[in-house]
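So the structure is just underneath, and the comments pick up after that.
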Amino acid sequence: MQISHFSALALFSLFASTVFGITMRDTPKKMLRYGIYCFALFVGSGIVVSWLMYFIAH
């Protein structure tokens, strides 16, 4: 089984944001919101950095 770069990014983002949400906030509602926020930042920054590397290489 081969996993794409984006799938690996999404999987890492899911696990990391889950840990961040659980360890950084007190209530379940805040944990969920912070986890979603971290997930969006991980995936968004990965996309932005990949486009920057594309334009630098070309």
Which of these values of Cα extents along the principal axes in Å was calculated from the structure shown: [x] 46, 28, 12; [y] 34, 23, 19; [z] 43, 15, 11?
[x]
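Order 1-8, 38-45 from most to least packed using the mean count of other Cβ atoms within 10 Å. Could you put the intermediate results ahead of the total?
Numbers: 1-8: 8.2, 38-45: 15.1.
Result, highest mean first: 38-45, 1-8.
May I ask you to give the percent of accessible area on region 7-57 that is carbon plus sulfur, with a probe radius of 1.4 Å? Don't jump to the answer; show the numbers that get you there.
Details: 3050 of 3960 Å².
Ligands and nucleic acids excluded, carbon and sulfur reach 77 percent.
Keeping every protein chain present and rolling a 1.4 Å probe, give me the accessible area per residue for the chain in Å². Spell out each step's value before the answer.
Numbers: 4970 Å² over 58 residues.
Value for the chain: 86 Å² per residue.
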If I fit a long axis through the Cα atoms of helix 5-24 and take the longest principal axis of the Cα atoms of the chain, what angle between them do I get, 0 to 90°, rounded to 10?
20 degrees
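The values are calculated or read from the model by the stated rules, or taken from the named source; none is laboratory data. These numbers come from a predicted model, not from an experiment. Methodologically, a virtual Cβ is constructed for each residue, glycine included, from the backbone with ideal geometry; neighbour enumeration extends over all protein chains shown. The protein model used for the area step is the full one, side chains on, heavy atoms only, and it has no ligands, DNA or RNA in it. Shrake-Rupley method; radii C 1.70, N 1.55, O 1.52, S 1.80 Å.
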